[in-house]
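Note sheet for the following structure.
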């Protein structure tokens, strides 16, 4: 999509910023991610069933307790904007394609974000987050926000503690003011303030025999190359600023660096040069601040998300294989709420089961291996789903199974459809309903054999076997002996006979 149509789309999605809220988040989601080796934007790669940029956007809004948010998009910007969607207080900003020779980088992305909304009359807090931090949680954002609001500073960096070996740490190191300067004098009130963020490759380029010197607040501090390499505190790419200072000094960032880009990390030194205070807050969780550039790290994050989901549910329901299942966050919340409100659930989830966000479970539901449930699928109590069953419906439709319904293995049940209590759908059945022709199955109905039913109204207590029935009312008829007549081999009239001949 060309630049102008993208801008037109973003304008349609934009919603006004609420000026009376003292916090705003900026999510940097303009990077396509060349190293991810995919035509799909890195920002649209899913973490536990949801695009990473959307996960970050939601965590930021919840953690900042503010609807105000700018999402900066770039390459594949229309796709990213559609996936994150319009919302009150959300603005989309467009960063030009760096291929065109324009300046790029995180500094430029933030500059673009700031241009998308007017400066507040009161000095607002601006928080910057990366759109590929797909494990970011509300708790981490709250922790960072609390740290920034609690201490006096103009800029704060969210940092992590790298737990691996120093040789494998390629992140930028946080250089803090040490206890003493080069002359041995105590650093006093400056202790632990951030001097700079030193990139790994820059540290490797230092002379191991000559201490690296940095000036802070008029005093010189020295660090050996080994000391910097062994620094475990790393930059996460997440920052907080006072808005007025950010708008003033972001103009001073230049491209005089190895990347040739406008880098937000350069603001640390710029702020220090103007006697502004830069501090750092260490995130409590190393996993929640992970970001990805390659598929291997993305898969690692998926594994972490699955483990988190399992740990939330492992003492509430039975999951056959903790390494092979998907239950959307919304369904997890519903399960935990049900457990709190109505007590033991006795839900069993088989290996390889996939449960989408609109599915609603109930007590004593048993879902067999490799079954997939998508759309607004509502399961009543004691529903039993066999192996490899597909239950799905389109947006705006509902698929409802009554109490005690059984759907046996490898059946496909989809669309606008309701099945009454105690009914049993045996193997080999395809059953569908549409908006124009909804499928309604009564109570205690059995459908078996190789059968296809579409858009029918079926009375209670019927047995339907080896049948193809489309858009029909199927009535319960009693024989003279009191038994109910079964239905078999009801086929549609043949069509296209002139296309068929003997071999």
(message) So if I take the centroid of the Cα atoms in region 54-78 and the same for region 427-486, what is the distance between those two points in Å?
(response) 48 Å
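Hey, what's the Cα Rg ratio for region 314-494 versus the globular rule of thumb, 2.2 N^0.38 Å? If you can, show how the numbers build up before the last one.
Details: Rg = 16.8 Å, N = 181, 2.2 N^0.38 = 15.9 Å.
Computed over Cα atoms of region 314-494, the ratio equals 1.06.
Order by neighbour count: 374, 274, fewest other Cβ atoms within 10 Å first, most last.
Values: 374 19, 274 12.
Taking fewest neighbouring Cβ atoms as first place, the list is 274, 374.
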(request) Can you pull the one-decimal nm distance between simple spin-label points at residue 336 and residue 498, each 7 Å off the Cα toward Cβ? (result) 6.5 nm
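Counting other beta carbons within 10 Å of each Cβ, put 342, 277 in order, fewest first. Walk me through the intermediate numbers first.
Numbers: 342 10, 277 18.
Placing the least packed residue first, the sequence is 342, 277.
Per DSSP helix of 4 or more residues, -39500 (n - 2.57); summed, then divided by the residues of the chain. What does that give at 222 nm, rounded to the nearest 500?
Numbers: 11 runs with 111 residues, N = 503.
The helix-only estimate for the chain comes to -6500 deg cm²/dmol at 222 nm.
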(request) Between residue 185 and residue 275, take the C-beta separation as r, use R0 = 25 Å, and let me know the FRET efficiency to the nearest 0.05. (result) 0.80
(message) Please compute the Kirkwood hydrodynamic radius over the chain, one decimal place, Å, based on all pairs of different Cα atoms.
(response) 26.5 Å
(message) So if each residue of separation counts as 0.36 nm, and I subtract the Cα-Cα distance between residue 7 and residue 192, what length gain in nm does that give?
(response) 62.3 nm
(request) Take the Cβ-Cβ distance between residue 65 and residue 307 as r, set R0 to 35 Å, and report the resulting FRET efficiency rounded to the nearest 0.05. (result) 0.80
(request) Give me 310, 216, 454, 170 ranked fewest to most by other Cβ atoms within 10 Å of their Cβ, as a rough exposure proxy. (result) 170, 310, 454, 216
(message) Please report the antiparallel percentage of the DSSP beta bridges confined to the chain, to the nearest 5.
(response) 25 percent
(request) Measure off 7 Å from each Cα along the Cα-to-Cβ vector at residue 220 and residue 314, then give the distance between these two points in nanometres to one decimal. (result) 5.5 nm
(message) For region 11-45 and region 180-221, what is the centre-to-centre distance using only Cα atoms, to the nearest Å?
(response) 35 Å
(request) Kindly state, to the nearest 0.05, the FRET efficiency for residue 412 paired with residue 37, given R0 = 45 Å and r defined as their beta-carbon distance. (result) 0.85
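Every number here is computed from the coordinates shown, using simple stated rules; none is lab data. Remember, predicted model here, so these are calculated numbers, not experimental data. A quick note on method: Cβ atoms are made from the backbone with ideal geometry, for glycine too, and the neighbour counts reach across all protein chains shown.
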